[in-house]
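**Student:** If you scroll down you'll find the structure; I have some questions about it.
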Protein chains: 2
Amino acid sequence: FFFLRSTDMNFYISPFPDLLPTCNGEITTMSFLQDVVDILLQYVVKSFDRSTKVIDFHYPNELLQEYNWELADQPQTLEEILLNCRTTLKYAIKTGHPRYFNQLSTGLDMVGLAADWLTSAANTNMFTYEIAPVFVLLEYVTLRKMREMVGWPGGCGDGIFSPGGAISNMYAMLIARFKMFPEVKEKGMAAIPRLVAFTSEHSHFSVKKGAAALGIGTDSVILIRCDERGKMIPSDLERRIVEAKQKGFVPFLVSATAGTTVYGAFDPLIAIADICKKYKIWMHVDGAWGGGLLMSRKHKWKLNGIERANSVTWNPHKMMGVPLQCSALLVREEGLMQSCNQMHASYLFQQDKHYDLSYDTGDKALQCGRHVDVFKLWLMWRAKGTTGFEAQIDKCLELAEYLYNKIKNREGYEMVFDGKPQHTNVCFWYIPPSLRGMEDSEERTSRLMKVAPVIKARMMEYGTTMVSYQPLGDKVNFFRMVISNPAATHQDIDFLIDEIERLGQDL
Amino acid sequence: FFFLRSTDMNFYISPFPDLLPTCNGEITTMSFLQDVVDILLQYVVKSFDRSTKVIDFHYPNELLQEYNWELADQPQTLEEILLNCRTTLKYAIKTGHPRYFNQLSTGLDMVGLAADWLTSAANTNMFTYEIAPVFVLLEYVTLRKMREMVGWPGGCGDGIFSPGGAISNMYAMLIARFKMFPEVKEKGMAAIPRLVAFTSEHSHFSVKKGAAALGIGTDSVILIRCDERGKMIPSDLERRIVEAKQKGFVPFLVSATAGTTVYGAFDPLIAIADICKKYKIWMHVDGAWGGGLLMSRKHKWKLNGIERANSVTWNPHKMMGVPLQCSALLVREEGLMQSCNQMHASYLFQQDKHYDLSYDTGDKALQCGRHVDVFKLWLMWRAKGTTGFEAQIDKCLELAEYLYNKIKNREGYEMVFDGKPQHTNVCFWYIPPSLRGMEDSEERTSRLMKVAPVIKARMMEYGTTMVSYQPLGDKVNFFRMVISNPAATHQDIDFLIDEIERLGQDL
């Protein structure tokens, strides 16, 4: 390590005198980046190899001891940096692995990865056309296309890519409130009546989180009952709206869900739209998970009525397999986001620039700097075409049906709800031999509750596969299988079932 | 394009039958990704080449016509995908270019880039240890180190990497409110007294944006006067606090700024801390821009008093040159973020998992999915060591002083404020020959107002350099030079001055 202290006009102090931007740093830079890429390519190829582990699991305290992760005063060599990369990947989850089913976002798309690499090299922010001309245009093109698919005429409207579905949902709540009471922006909640929002008891927790953040309060989020499939019951929604109004509260938002997190349920959007229209309430559709089905001619009917929404959350990083993160909030009324969020910071959004300022989209965001999330979606869309996304999504749904058909009557399985899955969520209990035939009792319940966690822990220790579990309401821990990974095949589904049985038979 | 429709158990429908995860897709995948990397490496090397343009500027309508950017039903070939990449980069801003000074975030760090590429390949979310074991630990290690540098004993406290400084500042406001009135989470703003926050008139617009979003209202953000260097005047702060209390409002937050956006001013943190202590108000320091100076033994005195803050925003993607985005919110009191934001979603944060759940940090975030922003900072820190960051930052400050010394007495320049810059912000007017010696008058003001925008437009059209300008208060458009780009040298500063004179002499 040569610590350069020079008075040379062009000196550059760097712990790596050989890397760019140091003079003549090209060769070392190219070779360093190529070494990193070689490590990454190896990792990518291994990710898809069923003979490798999904995860080399270590407990937190073990992992902290396996390697020295600490930050120091002195620099490391490039060789050590490469070792850091290898070590990090050694303990990482292979989220592209064909047997990784743990989250709604799985898989690793090669074009998406390439696009994300380009995004990193371009290293810019989304707030103005000035500093992100292409990306700002691509966001414009892509959001318009997504609005078209939602069914808004000519793709008109507004929108933004935000850092995840929770923030997209929060935007919807923010804009809905502003639409009804624009004075809230200056005067705050103190100046307006008490608002209430409605969402189903199976909806994502971000609706409540948003209400807490926006000063509305979680008590003002009224949870509407669901049917046995996890769909919001419209009559209960209407009843609760009337009740709230009678109490003097102002209903301002219904957040319907298209694809719930656990059951994959689609709320009845047409009925909900009718109620929102009748009571003049902003209709938001949280399609973070289910929005992808709009790409499928076979499945998009499940979102019928979404074209009547005022806003839609749709996360291409889930069902469409775009690398994390990529979440869109779409808004039907143009200009509202801007009025709601703009602060006219003259140092960022100068009004006397030499180009069309309507492309400076930064002032409609809550963020100032905003990461370029659009390029990976755009490039994947170019690569697959809408038909490619459609085929990928149809395939995942077909696999879910395959799983459902395989286990619905199989010994040792109980479905959490009856009927064919609407999305790729398949929810089930595995009943180990010792619990089969046992009557419903407190003992059975308390033993069943522990089955999924133990099997899951064993899955992770073996590193063979990963699938999520959770309790829900009065239902004890059950597996929630979801398939968004385009690498998964029928054989991987078979493997999952075999593995659950292998790991759970002694419980 | 071969649209596979097969009943084979392992079929995978892909518009690219040759790319992974398709069987035997390794060779094509490696070669495709390598082609992309070659394009990127070429771009990276060119970024640092002073003989290339910073930008190949096109107006939005031109750029829309230069290429077909639209999304279609049918897929494109891999060759076309590579062309898309090349075209996107052709029109991108070279943010690593040594003469790109337009934003607080400039430069392109090679280790940071490598780390971001690895992050993309790992493609996971930050909410649980389960799916991001290494990254969650690295976030823990890195935040602790940052808190140590802030000066909190033993690096104790809490924090999170958030999608940008605006969101970090919003977190601070959210947590400060919760600390004072925890019932706001359930009951909303209706249940608590009217709050007021204080920040300087030179502070970042995100403080107001946050207040609007959180239901506090922009009117409840009281702007404190600054001295001629843009520093908050403590006596004015105290006066306004007393005034607000007399009106029955509850002061809950002072957001001091360490490194203002335009002037680069550091608010007097010790005096502000005394006032916050006296009136029991949460002290937040927005060090998004200035936080980096904590890495410098020479400059960190400018943030003296920050160790008394309750929360700190610090964006390593600015002064430390980490690729976008990387913003940390640090909180002195542990556990508060969790209480403030947690919703206990049982489907995500299961309480019966087999490892130490304190590493499941997702429930303290506003986001659900959260991008891995830590790895690039961590790897750069390993590569440079604290001393490497220090050298890089000291160099940028030294260049700012060089610029200041060069123009402070130069014909045709007027400084916006007197004295040596505290950060790398150098604010000045260029006075074209036709305006020199002209008396202060409406005509001069209105002509001077147009000088910077025209020079800037010409810079972009020539593509030679980029620097930002803005008006501020009663001061008409002036240039705000900032240096965060480690590639910049004294010669680049000389170039900037020559270029401003070349492009502005006829105005």
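Values quoted throughout were computed directly from the atomic coordinates according to the rules given, and no laboratory measurement underlies them. On a predicted model such as this, the values are computed, not experimentally measured, just so you know. Note: ideal-geometry Cβ built from the backbone for every residue, glycine included; neighbour counts use all protein chains shown.
**Student:** Shortest first and in nm to one decimal, what separations exist between A:Pro193 and its copies in the other chains, measuring from label points 7 Å along the Cα-to-beta-carbon line?
**Tutor:** 2.8
**Student:** Using the Cα centre as the reference, give the magnitude of the dipole from point charges on the C-beta atoms of chain A (Lys, Arg: +1; Asp, Glu: -1; all else neutral), rounded to the nearest 20 debye.
**Tutor:** I would put it at about 1740 debye.
**Student:** How many nm is it between the label spots at B:Asp494 and B:Ser358, if each spot is 7 Å from the Cα in line with the beta carbon?
**Tutor:** 5.7 nm
**Student:** A follow-up question, please. Set Lys and Arg Cβ to +1 and Asp and Glu Cβ to -1, take the dipole of the protein assembly as shown about its Cα centre, and tell me which of A:Ala172, B:Phe389, A:Gln74 lies farthest positive.
**Tutor:** Highest projection toward the positive end goes to A:Ala172.
**Student:** Go ahead and estimate [θ] at 222 nm for the protein assembly as shown from helices alone: -39,500 (n - 2.57) per DSSP H run with n ≥ 4, summed, over the residue count, rounded to 500.
**Tutor:** The helix contribution divided over the protein assembly as shown gives -13000 deg cm²/dmol.
**Student:** Can you give the relative contact order of the range B:335-380 as a percent, counting alpha carbon pairs under 8 Å and 6+ residues apart?
**Tutor:** 43 percent
**Student:** Hey, another quick one. Using 0.36 nm times the number of residues separating A:Glu333 and A:Ser434, minus their current alpha carbon distance, what extension gain do you get?
**Tutor:** 30.6 nm
**Student:** For the range B:403-507, what D do you get in µm² per second when you plug the Kirkwood radius from alpha-carbon pairs into Stokes-Einstein at 10 °C and 1.306 mPa s?
**Tutor:** For these conditions, the coefficient is 112 µm²/s.
**Student:** Evaluate the distance, in nm, between pseudo-label points positioned 7 Å from the Cα of B:Lys406 and of A:Arg410 along their respective Cα→Cβ axes.
**Tutor:** Using points 7 Å along Cα→Cβ, the separation is 7.1 nm.
**Student:** Mind computing the radius of gyration and Dmax over the alpha-carbon atoms of the range A:377-423? Å is fine for both.
**Tutor:** Cα-based Rg and Dmax for the range A:377-423 come out at 15.1, 45 Å.
**Student:** Further question on the same structure: At q = 0.20, 0.21, 0.24 Å⁻¹, what log₁₀ I(q)/I(0) does the range A:81-144 have when each alpha carbon counts as one equal point scatterer in the Debye sum?
**Tutor:** Normalising to I(0) and taking log10 leaves -0.96, -0.98, -1.05.
**Student:** Using 1/(1 + (r/R0)^6) with R0 = 30 angstrom and r between the beta carbons of B:Ser346 and A:Asp49, what's the FRET efficiency to the nearest 0.05?
**Tutor:** For R0 = 30 Å, the calculated efficiency reads 0.35.
**Student:** So, one more: Roughly how many debye, to the nearest 20, is the charge dipole of the protein assembly as shown about its Cα centre, given +1 on each Lys and Arg Cβ, -1 on each Asp and Glu Cβ, and no other charges?
**Tutor:** 2380 debye
**Student:** How large is the convex hull of the C-alpha atoms of the range A:238-292 per residue, in Å³?
**Tutor:** About 84 Å³ per residue, rounded to a whole number.
**Student:** Further, regarding this structure: Between B:Asp274 and A:Lys280, with labels modelled 7 Å along Cα→Cβ, what's the label distance in nm to one decimal, could you check?
**Tutor:** 5.5 nm
**Student:** Another one. Considering every residue in B:325-337, what mean count of other chain Cβ atoms within 10 Å of its Cβ is obtained?
**Tutor:** Mean shielding count: 1.
**Student:** Hey, quick one: spin label on A:Arg86, modelled 7 Å out along Cα-Cβ, who in the range A:22-49 has an amide N within reach, i.e. under 19 Å?
**Tutor:** Backbone N within reach: A:31-47.
**Student:** Sticking with this one: DSSP beta bridges in chain B, what fraction antiparallel, as a percent rounded to 5?
**Tutor:** That works out to approximately 50 percent antiparallel.
**Student:** Check each of the trypsin sites (Lys or Arg not before Pro) in the range B:258-336 and keep only those in coil by DSSP with at most 13 other C-beta atoms within 10 angstrom; list them in order.
**Tutor:** B:Lys280, B:Arg297, B:Lys298
**Student:** Of all beta bridges DSSP finds with both residues in the range B:247-381, what is the antiparallel percent, to the nearest 5?
**Tutor:** Antiparallel bridges make up about 35 percent of those DSSP assigns within the range B:247-381.
**Student:** Rounded to a whole number, what is D in µm²/s for the range A:312-388 from Stokes-Einstein with the Kirkwood radius over alpha-carbon pairs (25 °C, 0.890 mPa s)?
**Tutor:** This corresponds to a translational diffusion coefficient of 168 µm²/s.
**Student:** Something else: Do any GluC sites (Glu not before Pro) in the range B:169-271 lie in a loop, going by DSSP, with at most 11 other beta-carbon atoms within 10 Å of their beta carbon, and if so which?
**Tutor:** Filter output for the range B:169-271: B:Glu228.
**Student:** Here's something else I'd like to know. Can you pull the Kirkwood radius for the range B:98-235, inverse mean 1/r over Cα pairs, to one decimal in Å?
**Tutor:** 18.4 Å
**Student:** Give me Rg/Rg_expected for the protein assembly as shown, where Rg uses Cα atoms only and Rg_expected = 2.2 N^0.38 Å with N residues.
**Tutor:** 0.91
**Student:** Taking +1 at the Cβ of each Lys and Arg and -1 at the Cβ of each Asp and Glu, which of A:Met415, B:Thr424, B:Ile93 sits farthest along the dipole of the protein assembly as shown towards its positive end, judged by Cα position relative to the Cα centre?
**Tutor:** Farthest along the dipole direction, towards plus: A:Met415.
**Student:** List, shortest first and in nm to one decimal, how far the label point of B:Lys450 (7 Å from Cα along Cα→Cβ) is from its counterparts in the other copies.
**Tutor:** Ordered by increasing distance: 8.2 nm.
**Student:** Over the Cα atoms of the range B:169-318, each weighted equally, I'd like the Debye log10 I(q)/I(0) at q = 0.09, 0.11, 0.13 Å⁻¹, rounded to two decimals.
**Tutor:** With no solvent term, the Cα-only Debye profile gives -0.25, -0.38, -0.52.
**Student:** For chain A, with equal point scatterers placed on the C-alpha atoms only and solvent neglected, what are the log10 I(q)/I(0) values from the Debye formula at q = 0.07, 0.08, 0.09, 0.10 1/Å, to two decimals?
**Tutor:** With one equal scatterer per Cα and no solvent, log10 I(q)/I(0) is -0.46, -0.59, -0.74, -0.90.
**Student:** Within 10 Å of each Cβ of B:349-359, how many other protein chain Cβ atoms are there on average?
**Tutor:** Mean shielding by partner chains, rounded to a whole number: 5.
**Student:** What net charge is computed for the residues neighbouring B:Asp363, neighbours being all others with C-beta under 14 Å from the C-beta of B:Asp363, Lys and Arg scored +1, Asp and Glu -1?
**Tutor:** After counting each charged neighbour, the total is +3.
**Student:** Taking θ as phi - 60°, what are the ³J(HN,Hα) couplings along the range B:297-305 by the Karplus curve (6.51, -1.76, 1.60), each to the nearest whole Hz, with x for Gly and Pro?
**Tutor:** The phi angles translate into 4, 6, 10, 5, 4, 5, 9, 3, x Hz.
**Student:** Rounded, prolate or oblate: which fits the range A:251-386 when a ≥ b ≥ c are the square roots of the eigenvalues of the alpha-carbon gyration tensor, with rounded for a/c under 1.5 and prolate only if a/b beats b/c?
**Tutor:** Oblate.
**Student:** From the phi angles alone, apply the Karplus equation (6.51, -1.76, 1.60; θ = phi - 60°) to the range A:477-490 and give each ³J(HN,Hα) in whole Hz, x where the residue is Gly or Pro.
**Tutor:** 2, 10, 6, 10, 8, 10, 10, 10, 8, x, 7, 6, 10, 4
**Student:** Now for a separate question. Mind checking the range A:372-481 for GluC sites (Glu not before Pro) that DSSP puts in a loop (not H, G, I, E or B) and that have at most 10 other Cβ atoms within 10 Å?
**Tutor:** A:Glu411, A:Glu439
**Student:** Apply 1/(1 + (r/R0)^6) to the Cβ-Cβ distance of A:Glu62 and B:Ala72, taking R0 = 56 Å, and write down the FRET efficiency to the nearest 0.05.
**Tutor:** With R0 = 56 Å, the Cβ-Cβ based efficiency is 0.65.
**Student:** In debye to the nearest 20, how big a dipole does the range B:154-215 give about its Cα centre with +1 on each Lys and Arg Cβ and -1 on each Asp and Glu Cβ?
**Tutor:** 160 debye
**Student:** To check my understanding: the extent here is largest minus smallest coordinate of the Cα atoms along each principal axis. What are those three numbers for the range A:44-162, in Å, largest first?
**Tutor:** 57, 38, 25
**Student:** What is the local net charge at A:Asn102, summed over the other residues whose Cβ is closer than 14 Å to its Cβ (Lys, Arg +1; Asp, Glu -1)?
**Tutor:** Combined, the nearby Lys, Arg, Asp and Glu give +3.
**Student:** Continuing with this model, one more query. Rounded to whole Hz and in sequence order, give me ³J(HN,Hα) for the range B:491-507 from the Karplus expression 6.51 cos²θ - 1.76 cosθ + 1.60, θ = phi - 60°, writing x for Gly and Pro.
**Tutor:** Per-residue couplings from phi come out as 5, 5, 5, 4, 4, 4, 5, 4, 5, 4, 5, 4, 7, x, 5, 8, 7 Hz.
**Student:** Take the rotation relating chain A to chain B, measure from its axis to every Cβ in chain A, and name the nearest residue with the distance in whole Å.
**Tutor:** A:Gly215, 1
**Student:** Quote the relative contact order of chain B in percent (integer), defining contacts as alpha-carbon pairs under 8 Å separated by 6+ residues.
**Tutor:** Normalised by residue count, the contact order of chain B is 19 percent.
**Student:** Restricting to the protein assembly as shown, what percent of DSSP beta bridges are antiparallel, rounded to 5?
**Tutor:** Counting only bridges with both partners in the protein assembly as shown, antiparallel ones make up about 50 percent.
**Student:** Determine the relative contact order of the range A:280-411: mean sequence separation of Cα pairs under 8 Å and six or more apart, normalised by residue count, in whole percent.
**Tutor:** 24 percent
**Student:** Please find the FRET efficiency linking A:Lys247 to B:Lys475, where r is the Cβ-Cβ separation and R0 is fixed at 45 Å, and quote it to the nearest 0.05.
**Tutor:** Approximately 0.30, to the nearest 0.05.
**Student:** Based on C-alpha coordinates, I'd like the Rg and Dmax of the range B:172-237, in Å.
**Tutor:** Using the Cα atoms of the range B:172-237, the pair Rg, Dmax is 13.2, 43 Å.
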